[in-house]
Amino acid sequence: MNLRTAFSRQGSNLVLAGILLMLLGDFLFALNDAMGKWLVASFSVGQVLLIRSIGAFAILGPMIARQGTGSLFRLERPGLQGLRVLMATADTALFYAAVAYLPLADVMTFYMAGPIYVAALSHLFLGEKVGWRRWMAIVLGFGGVVIALRPSSASLSLPSLFALVGSISFALNLILNRVLRTTSDTSLVTWQTLGALVVGGLLSLQGWTTPTTLDLFAMLLLGIVSCAAHLMITRALKLAPASTLAPLQYSLLLWAVVFGLVFFGDVPDAQILLGSAVIVFAGLFIFHRQKVVDNAVPVETVARDGH
């Protein structure tokens, strides 16, 4: 076996490892979302955010110790860092607020439109050129969101608006991740976790329900699972091309349907399924066109941060 063949096989193995890590990370995010839906049925969003954020430090603590606490305060563009923390906190809080009333698949449908928003916002905020094909896919994706939103005076609900605004916050968070890409992953995750902890603590002042040992463990586990999933996806992006991994995020929608059906008895209706199909098709086309552009002019892409 010559040297070129050895390197080729090694590269293939790394890509396969990246794909497996991405799929596992997405599964953990979906599991985290299902656990969150179960918990917000009995506890306030603020209380879940607070205890979940404390649990996250079981993983973040060693990472902070290895990096050093000083680097947490040496951040580029503090204003944008603060805005990113705000968007990340809104993303998570509004997601939990939405799943308290809506099926998992319904809420995940809105969040799957995140890459479509990113494509549009990248043109506005990052000055990235978006060709007419991707603009058509963006418009089509917005159409899928409208289908899922059911925008009529009789059916437009506050939880649906929570999911819509949360998904836009998620997209803005991804944009800010791209702008702040030189900031270490440990710093980014630590500050967004602290933001969620503070907001959760403030919201919890309105009322506190004493959790059982099982409930407390589940809320702490939310933070641990979410951090583990984030680290897996971050590692996956270092092993395999983002253009290869990005479409795999739609496995989240599949898991949302499965977990919603198994644990909550939720069956997606025809309108949600149609909206999901339109959004997924538009998103996959955008990924395809981005890959074409990447082959012509190398650019950096971003991936889902998660809840």
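The values are calculated or read from the model by the stated rules, or taken from the named source; none is laboratory data. What you see is a predicted model; the values in this text were computed from it and never measured. Heads up, the Cβs are rebuilt from the backbone with ideal geometry, glycines too, and the neighbour counts pull from every protein chain shown.
Would you say F95 is closer than 20 Å to S53 by Cβ, within 15 Å of the chain's Cα centre (by Cα) and either at pLDDT 90 or above or among the hydroxyl-bearing types (S, T, Y) (or both)? Spelling it out, F95 is indeed closer than 20 Å to S53 by Cβ, within 15 Å of the chain's Cα centre (by Cα) and either at pLDDT 90 or above or among the hydroxyl-bearing types (S, T, Y) (or both).
For (1) surrounded by fewer than 23 Cβ atoms within 10 Å (Cβ to Cβ); (2) touching a residue at least 60 places away in the same chain (Cβ under 8 Å); (3) in contact with a Phe, Trp or Tyr (Cβ under 9 Å, 6 or more places away or on another chain); (4) of a type outside the set (S, T, Y), each residue gets a yes or a no:
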position	(1), (2), (3), (4)
K37	no, yes, yes, yes
L49	no, yes, yes, yes
L72	yes, yes, yes, yes
L75	yes, yes, yes, yes
L80	yes, yes, no, yes
L83	yes, yes, no, yes
A88	no, yes, yes, yes
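Out of curiosity, is T213 out of contact with any helix residue (DSSP H, G or I) (no Cβ under 7 Å at 6 or more places or on another chain), β-branched (V, I, T) and surrounded by fewer than 17 Cβ atoms within 10 Å (Cβ to Cβ)? Here the answer is yes, as T213 does meet what is asked.
Residue count for region 104-141, restricted to those that are within 20 Å of N173 (Cα to Cα), touching a helix residue (DSSP H, G or I) at 6+ places or on another chain (Cβ under 7 Å) and of a type in the set (G, A, S): 6. Reported count of residues in region 97-151, each being surrounded by 23 or more Cβ atoms within 10 Å (Cβ to Cβ), farther than 19 Å from N177 by Cβ and of a type in the set (F, W, Y), is 1. Checking each residue in region 245-263 for being farther than 28 Å from A17 by Cα and surrounded by fewer than 16 Cβ atoms within 10 Å (Cβ to Cβ) picks out L261, V262, F263.
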